[in-house]
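Taking it in order: structure first as structure tokens, then the write-up.
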Amino acid sequence: MNLNERIPNNVNLSEDKRLQRALEKWLPNFLSWWHDMGPEGFQEKDVWLRTAIDVGSEGWAHFDYVKMPEYRWGIFLEPAQPDAKVGFGDNFGAPAYQEVPGEFRNALRRIIVTQGDTEPASVEQQRRLGATCPSLYDLRNLFQVNVEEGRHLWAMVYLLHAYFGRDGRDEADALLERRSGNPDKPSILEAFNQPCDDWLNFYAFTMFTDRDGKYQLSALAESGFEPLARTCKFMLTEEEHHMFVGDTGLSRVVKRTAQLMKENEDVREVGGIPLDIVQKYINFWFSYSLDLFGGEISSNSADFFAAGLKGRFKEQEQYTDHIAAEGSFTMMVVENGKLVPREVPLRNALNEILRGEYVKDCEKGLARWNKALTDEGMSQRLFLPNIRFHRHVGEYAGHNLDLDGNLISKEEFEAKKSEWLPTKEDREYVGSLMKPVTEVGKIANWIAPPTSGIKGKPFEFEYVRL
Ligand SMILES: [Fe+2]
Ligand SMILES: [Fe+2]
């Protein structure tokens, strides 16, 4: 582990002078992006952050106060497996690719760029949230997520620089040029162009959108291109905390709302977030995050699998047939204004299969939030909308479907939209509650404190020195 270099790494960067020079040239551009587009207003503050210093399951993380611009963004890959093989697809069993196979070069670059693009975008989406944090604990978690998304960007940029030539370097530069929500140079994927400007958005984003990241990274962790697999495996360990922040954040909002409902049926009167607004935020971020998996019927998914580039979730653990050349998958599609089942060759349905794994995982979050309601003696329930609801990518895009996934007319959708998705008024109301609470051990009224702090520290800890 070379922690003392300008770019901490476990890839022997100092032995590859050409690559080291290229990345050291990219570093100031990254820092200037971080300065312009990273968390606003807290760059000079000490934040109690974890930094990756190892990839072993024990002790990979070091916790201490750091000023964010001084964070040690490093390049860390899981150790190489001796005799690694391509684990699926047409080249199943062949030696894993240590270099980019010429015929898959464009596909692989596209996969890496698409993943890489999400990392700076989420930092940009969240850059103003610090000003309205509900507690120092939450403020620290926001910044932890932000710096690690920055490191994930490094991870993808490393692959572009190390394994692609000129075009890789150009793509790495372009990753710093696109801007979330900018109409002229937007981020590649739509969920990453949506505003994330209040903390309910932030928790829903880290719950649902970072969780898409988990499934994409898991599929890429299976990759036959070994440097990508090794990178993604380590990113997954960091991603866990991001989802934890979202999942527990929403759970704490729900718990607090339930407590306030006992004081006053109309929680607005007592400064809480009504459950129906929470439900609308769920509907919004869940549906946008489902889009990130791509079309239900996808020749790209078939090609990526055939090439051994992108596998299924837990490909090795869950499946015995790693060729998947036979077999089919039946899904509902819209045909002549009706939902009808269609059988699709298995490899063309891999986006939908990965999406299904994701939905099962999201359900567990919902069960936890509903338990928080039960624990507070409430009978109300939150739920996930049907996967066909409010989709902008794939078979259901361009159609109108209700929360149960039934086709409806455009007029019906428009009439119901304000009950299903956050309205301007909902967003304004949530926004009106977003007042910063920065005293050690204090918390905003609309959210419950966490059950424990970070890494053995209590909730009453000075997670950020203001
Ligand atoms: Fe990430
Ligand atoms: Fe993340």
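Within segment 174-208, the residues that satisfy the criterion of being in contact with a Leu (Cβ under 7 Å, 6 or more places away or on another chain) and either among the aliphatic types (A, V, I, L, M) or within 16 Å of ligand 2 (Cβ to nearest atom) (or both) are 175, 189, 191, 202, 203, 204, 207.
Here segment 229-244 is the region considered, the condition is being of a type in the set (A, V, I, L, M, F, W, C) and more than 9 Å from ligand 2 (Cβ to nearest atom), and the residue that is surrounded by the most Cβ atoms within 10 Å (Cβ to Cβ) is 232.
Residues in segment 115-150 that are within 15 Å of ligand 2 (Cβ to nearest atom) and polar (S, T, N, Q) were compared, and the one that is surrounded by the most Cβ atoms within 10 Å (Cβ to Cβ) is 122. The residues in segment 159-180 that are more than 17 Å from residue 34 (Cα to Cα) and out of contact with any Lys or Arg (no Cβ under 8 Å at 6 or more places or on another chain) can be counted, and the count is 7.
The residues of segment 422-452 that are buried (at least 17 other Cβ atoms within 10 Å of the Cβ), within 25 Å of the chain's Cα centre (by Cα) and in a loop (DSSP other than H, G, I, E, B), listed by number, are 422, 434, 446, 447, 448, 449, 450. Within segment 201-214, residues that are under 17 Å from residue 150 (Cβ atoms) and away from ligand 1 (no atom under 14 Å from the Cβ) have Cβ atoms under 6 Å from residues that are in a helix (DSSP H, G or I) and of a type in the set (A, V, I, L, M) in these pairs: 202/129, counting only partners at least 6 apart in sequence or on another chain.
In this structure, does residue 420 turn out to be farther than 17 Å from residue 286 by Cβ and either modelled with pLDDT of 95 or more or in contact with a Cys (Cβ under 6 Å, 6 or more places away or on another chain) (or both)?
Against the criterion (farther than 17 Å from residue 286 by Cβ and either modelled with pLDDT of 95 or more or in contact with a Cys (Cβ under 6 Å, 6 or more places away or on another chain) (or both)), residue 420 does not qualify.
For residue 109, indicate whether it is surrounded by fewer than 21 Cβ atoms within 10 Å (Cβ to Cβ), away from ligand 2 (no atom under 16 Å from the Cβ), modelled with pLDDT under 95 and of a type in the set (D, E, K, R). For residue 109, the condition - surrounded by fewer than 21 Cβ atoms within 10 Å (Cβ to Cβ), away from ligand 2 (no atom under 16 Å from the Cβ), modelled with pLDDT under 95 and of a type in the set (D, E, K, R) - is not met. Say whether the condition of being in contact (Cβ under 8 Å) with a residue 60 or more places away in the chain and closer than 30 Å to residue 373 by Cα is met by at least one residue in segment 303-320. No; the residues of segment 303-320 include none that is in contact (Cβ under 8 Å) with a residue 60 or more places away in the chain and closer than 30 Å to residue 373 by Cα.
The values are calculated or read from the model by the stated rules, or taken from the named source; none is laboratory data. Here the structure is a predicted model, which is why all the values come from computation and not from measurement. We place every Cβ from the backbone using ideal geometry, glycine too, and count neighbours over all the protein chains shown.
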